[in-house]
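Data first, discussion second: the structure below is written as structure tokens.
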Amino acid sequence: MVDQLLALCNYPIAGKVDTLSLKKTFPALYKAAPTKLIIPLQSSLTASLPFDSSKTLSHKPFADNLPVFQGASSFPFSLSHLVSASLML
């Protein structure tokens, strides 16, 4: 799945393409979800320490409900807002 996400990030957009369909362009990525791959958000990568040393054995440094990929939409997504945002830079 990581390779598919990298391929999505590096996918060349040629010509006058307004939309992309994840299901058609990246079918392996579309089929890979749901997965237990954790989305690397700051909140999911920050460990907590126990307040009391007597609770060290039962302490969980990470939350139980970490964000993961549940699925992908089969609807095409628009690229026009991304192109206009990059032109402003």
_Using each residue's phi in the range 21-26, evaluate 6.51 cos²θ - 1.76 cosθ + 1.60 at θ = phi - 60° and report the 3J(HN,Hα) Karplus result to the nearest Hz, with x for Gly and Pro._
9, 4, 5, 8, 7, 10
*Per-pair calculated FRET efficiency, R0 = 22 Å: MET1 and THR46 via Cβ, rounded to 0.05*: 0.45
*Once amide H atoms are built 1.01 Å from N in the peptide plane, which residues 5 or more positions from LEU37, or in another chain, come under 5 Å H to H?*
PHE69
*Two-site FRET efficiency, ALA14 against ASN65, from Cβ-Cβ distance with R₀ of 35 Å, rounded to 0.05*: 0.30
*Give the cross-link partners of LYS60 among the lysines, using a straight C-alpha distance below 19 Å as the criterion and excluding same-chain residues fewer than 8 apart.*
LYS36
*Sequence-distant or interchain residues sharing an amide H contact under 5 Å with LEU20, placed H: which?*
PHE77, LEU79
*So which trypsin sites (Lys or Arg not before Pro) in the range 1-66 pass both tests, a DSSP loop state and at most 11 other Cβ atoms within 10 Å of the Cβ?*
LYS16, LYS36
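No lab work stands behind these numbers, since they all come straight from the coordinates. Quick caveat: nothing in here was measured; it's all calculated off a predicted structure. Reconstructed Cβ throughout: ideal geometry from the backbone, glycine too, with neighbour counts over all protein chains shown.
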